[in-house]
1. Quick one: which residue in B:Leu50, B:Leu57 is of a type in the set (A, V, I, L, M, F, W, C), over 18 Å from A:Val142 (Cα atoms), in contact (Cβ under 8 Å) with a residue 24 or more places away in the chain and more than 7 Å from every other protein chain (Cβ to nearest Cβ)?
2. I need every pair where a residue in the range A:25-50 that is within 15 Å of A:Leu109 (Cβ to Cβ) has its Cβ under 7 Å from the Cβ of a residue that is of a type in the set (Gly, Ala, Ser) and surrounded by fewer than 12 Cβ atoms within 10 Å (Cβ to Cβ), sequence separation at least 6 or different chains.
3. When the residues of the range B:100-118 are narrowed to those that are touching a residue at least 12 places away in the same chain (Cβ under 8 Å) and under 26 Å from the mean Cα position of the chain (by Cα), which ends up nearest to the other protein chains (Cβ to nearest Cβ)?
4. Between residues in the range B:132-151 that are at pLDDT 90 or above and residues that are among the basic types (Lys, Arg), which pairs lie under 6 Å by C-beta distance while being six or more apart or on different chains?
5. Can you find even one residue in the range B:136-155 that is surrounded by fewer than 21 Cβ atoms within 10 Å (Cβ to Cβ), within 9 Å of chain A (Cβ to nearest Cβ), hydrophobic (A, V, I, L, M, F, W, C) and in a helix (DSSP H, G or I)?
6. Read through the list (1) in contact (Cβ under 8 Å) with a residue 60 or more places away in the chain; (2) surrounded by fewer than 21 Cβ atoms within 10 Å (Cβ to Cβ); (3) over 30 Å from A:Thr198 (Cβ atoms), then give the number of the only condition that A:Lys151 fails.
7. Since B:Asn40 meets every condition but one in (1) closer than 19 Å to B:Asn162 by Cα; (2) within 11 Å of chain A (Cβ to nearest Cβ); (3) of a type outside the set (Asp, Glu); (4) open to solvent by 60 Å² or more (accessible area, probe 1.4 Å), which condition does it not meet?
8. Free of Cβ contacts under 8 Å to residues at least 12 places away in the same chain, in a loop (DSSP other than H, G, I, E, B), in contact with a Lys or Arg (Cβ under 9 Å, 6 or more places away or on another chain) and surrounded by fewer than 22 Cβ atoms within 10 Å (Cβ to Cβ) - does that describe any residue in the range B:88-96?
Amino acid sequence: MFSLIQNEWMKLWHKKGTWAILGILLLVIIGVGVLDKVTMDDVNNSNWKQEQQSMINDANTQLQTPDLDEWSIQMFEDQKAMAQYRLDNNAAPQVNQSMQGNMALGASLMVLITLLTVIPGASIVSQEYTDGTIKMLLTRPVSRFKILASKLITIFLFGITLIIVTIILTTVIGFILFGTATGIDLTIVDGVVQQTNTMKDIFLTYVYSLGDFTMSILFAFFIGTVFSSPSIAIALSMLFLMMGPMIIMLLQKYIPVEYIWLTHSDLTQHLRKEFFIEETTLFMSLTVLAIYAIIFLVLSFMTFIKRDVKA
Amino acid sequence: MSEPIVQLKNVTKIIKGKTLIDNVSLEIFPGQITGFLGPNGAGKTTTIRLMTGLMHLTSGSIEIEGASIADDYEKAIANVGVIVENPEMYKYMSGYKNLLHFSRMHYGVTKARIDDVVNQVGLTKRIHEKVSTYSLGMRQRLGLAQALLHDPKFLILDEPTNGLDPAGIREFRTYLRKIAEENNVSIFVSSHLLSEIELMCDRVVVIQNGKLIDERMIQGDEKTRMQLKAEPAEVVDNYLSSNGYIFTVHEGVFLLELKEEKVPSLIKELVAQQVQIFAVSAVHETLEEQFLQMTGGGQIV
């Protein structure tokens, strides 16, 4: 099995397209970092205590206004609470871009990474058919199951490689260009001011993005295997990835969309607590995704193993 | 004769109600080169795809060294080297990387073995260049190299000499004969070049409309016929008929069934009868003529 994965990995990196994919990712990461650096106003933050004090005074003045609506009252109260927290705990705000900020940007690139992994995912099987190399590949003392499994594993390894490259590169570039954050971000949870754990947020964004990542790859792999056409597989999976929420909105009227994987594949909904359709539990989402993942896998393997090769 | 290495029993393949291969049974023996002939669409490639497991059987069985292609594929195919139609290689990699790729799918193919095979097919100089820069002939050689990597006991070749120049074809033929004889490799080769099959093979199997219609050994199976030009005709005619020869006369030329070793004695006898002999030559009925007779001519590639 290891040698089969080694084979697929070798073939993958001998294609120019693979290097183009890596190039696009590097360009985006470096480009965004540099652009941030160039357009950034370096704000001097040494007199932040006076600023926070004036924010409290400002909020107090605003709160005096008669007939203030509830939403504004909440906003000014929060502003006051946060400023007070900063003064009490000597917690300066982070005003400029930082290494952490750049790393958070990396986590938001998961959609791009998914798109870029879908391309080889859709073609790794179908291209063997279009090139006619499938007959050389299958007439070996290796089961078709193992051959397909090695291809699937290789694609996930490729995607994971892109994720690791992104994490390392956004950290290094962020550190070189901006340095580590000196200030602290605050959030209010249930009326209590808390320090934001940026690292935890970044980590969670990566983990929850794996929903779309996994489902899109499995779907592209499935279509590529069943239809032996890389272009159909790439087009369909990209369409679903980019337009997923919209398709769900449209279908909502006609079918119970809570049983469609597209409703659930973006797991960051649970992180943001904002849902396309209606609030569901993480358990429900994971269950639906697992069922579809199994369906895609079973159909991929069955067609690949049963098919008569005529290419 | 020794045990067959490959056995096809009542092999049938039906696709969408159409019977492509109809109850074919065939045995292939070690050290023998079997030619596989048939008009276009007769089922040659389908048979080969069934034998290599690329297609699944509708009914019947195929066994290679006792292992069934359907139930024990990995064991059955382990001793088989395959070229199905054009050997399509990964064009974006070098020839060497291609061989490395396939070697990893077999047990015990060492780097030294790869170098050895590359040398055998004469690709040593260009093996590290990308396959996309290879000529068709070089791709065929690379195709042969990948089929020989694991030292198979049975080689299946579908149109192996496509794209080779005459010298290349000759070399290829000699090479196949060599591995068949020296390594006792059994070879099953389909080709549309009848003359080539005739020169290369020990035995020919003919398929038409999915059925095997003929099977014969090439050497020794043909009747030897001699063409004799001699005068006076009456004397020759008399001598031949009184001595029990089977012959026909056509425009003063006698066509008679006669083994080669009997030719000198016949000439001696005729000369003794004052017959003037102008020419004696063997009539070689080619496989092509036989093939055309069998398949009814027409649609042959």
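The values are calculated or read from the model by the stated rules, or taken from the named source; none is laboratory data. Remember, predicted model here, so these are calculated numbers, not experimental data. Note that we place each Cβ from the backbone using ideal geometry, even for glycine, and neighbour counts take in every protein chain shown. Just the protein is used for accessible areas: all its heavy atoms, side chains included, with ligands, DNA and RNA removed. Shrake-Rupley method; radii C 1.70, N 1.55, O 1.52, S 1.80 Å.
1. On the way: B:Leu50 fails: over 18 Å from A:Val142 (Cα atoms).
Result of the check over B:Leu50, B:Leu57: B:Leu57.
2. none
3. Among those that are touching a residue at least 12 places away in the same chain (Cβ under 8 Å) and under 26 Å from the mean Cα position of the chain (by Cα), it is B:Phe102.
4. B:Ser132/B:Lys91
5. no
6. (2)
7. Condition not satisfied by B:Asn40: (2).
8. Our first condition is that a residue be free of Cβ contacts under 8 Å to residues at least 12 places away in the same chain; within the range B:88-96, this holds for B:88.
If we keep only those that are in a loop (DSSP other than H, G, I, E, B) too, we end up with B:88.
Still in the running and in contact with a Lys or Arg (Cβ under 9 Å, 6 or more places away or on another chain): B:88.
Now narrow it down to the ones that are surrounded by fewer than 22 Cβ atoms within 10 Å (Cβ to Cβ): B:88.
Yes, some residue in the range B:88-96 is free of Cβ contacts under 8 Å to residues at least 12 places away in the same chain, in a loop (DSSP other than H, G, I, E, B), in contact with a Lys or Arg (Cβ under 9 Å, 6 or more places away or on another chain) and surrounded by fewer than 22 Cβ atoms within 10 Å (Cβ to Cβ).
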